[in-house]
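K.L.:
Quick one: the structure is below, and I'll ask about it shortly.
The values are calculated or read from the model by the stated rules, or taken from the named source; none is laboratory data. None of these values were measured; they are calculated from a predicted model. Here the Cβ is made from the backbone with ideal geometry for all residues, glycine too, and neighbour counts use every protein chain on show.
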């Protein structure tokens, strides 16, 4: 049985979404997004830095949301959610799958640190503003790529669970301008998916 160690408002949501899209059976260990849970001895035994998500699959334990996604697709893919290697869409799938952590999440992390995690007297409005501008610019190429397309790489895929979840987070942070009409329409399509709605309901 798959077990997902999960906390709301985190990258673990994208893993939960993928599990739902794949129709896989799993158990959920829901924790608070708080050091009391994440830095506990029990959870540090799962992840040495006390982070989430963590996936248990029998004797296998794996963390990092992108690695978990690739693991699930290869060992439990239940029909896919990724283009074939020889598909014309495969390069775009790889690019957007990894664009999430490479270009989008670093400024998201900075914004979260300087709005939520740090006490007010240690938050830096200049640093936050730089991150907000960087994040907004990072969505420009995605908006352009979505013109005339419903999803990032042909049919709905794991690239959409990775980068799509980040797009929703970025919109919540005010970094998806309304004039990025292709991206905002894409976000609306994602939010209408039942599997994503189920994952978000646990936040």
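K.L.:
Output the qualifying pairs, or none if there are none: Cβ atoms under 6 angstrom, residues six or more apart or on different chains, first residue in region 129-147 and assigned by TED's automatic domain parsing to the domain that holds residue 104 and part of a helix (DSSP H, G or I), second residue at pLDDT below 95 and surrounded by fewer than 21 Cβ atoms within 10 Å (Cβ to Cβ).
P.N.:
none
K.L.:
Being in a helix (DSSP H, G or I), touching a residue at least 40 places away in the same chain (Cβ under 8 Å) and either touching a helix residue (DSSP H, G or I) at 6+ places or on another chain (Cβ under 9 Å) or loosely packed, with under 14 Cβ neighbours inside 10 Å (or both) narrows it down to one of 55, 73, 28, 24, so name that one.
P.N.:
Being in a helix (DSSP H, G or I), touching a residue at least 40 places away in the same chain (Cβ under 8 Å) and either touching a helix residue (DSSP H, G or I) at 6+ places or on another chain (Cβ under 9 Å) or loosely packed, with under 14 Cβ neighbours inside 10 Å (or both) holds for just one of 55, 73, 28, 24, which is 73.
K.L.:
Looking at region 58-70, which of the residues that are closer than 16 Å to residue 161 by Cα and out of contact with any helix residue (DSSP H, G or I) (no Cβ under 7 Å at 6 or more places or on another chain) is surrounded by the fewest Cβ atoms within 10 Å (Cβ to Cβ)?
P.N.:
Top of the filtered list is 67.
K.L.:
Closer than 28 Å to residue 84 by Cα, modelled with pLDDT of 95 or more and not in a helix (DSSP H, G or I), is that true of residue 156?
P.N.:
The answer is yes for residue 156.
K.L.:
Filter region 31-52 down to the residues that are assigned to a helix (DSSP H, G or I) and in contact with a helix residue (DSSP H, G or I) (Cβ under 8 Å, 6 or more places away or on another chain), then identify the one that is surrounded by the fewest Cβ atoms within 10 Å (Cβ to Cβ).
P.N.:
37
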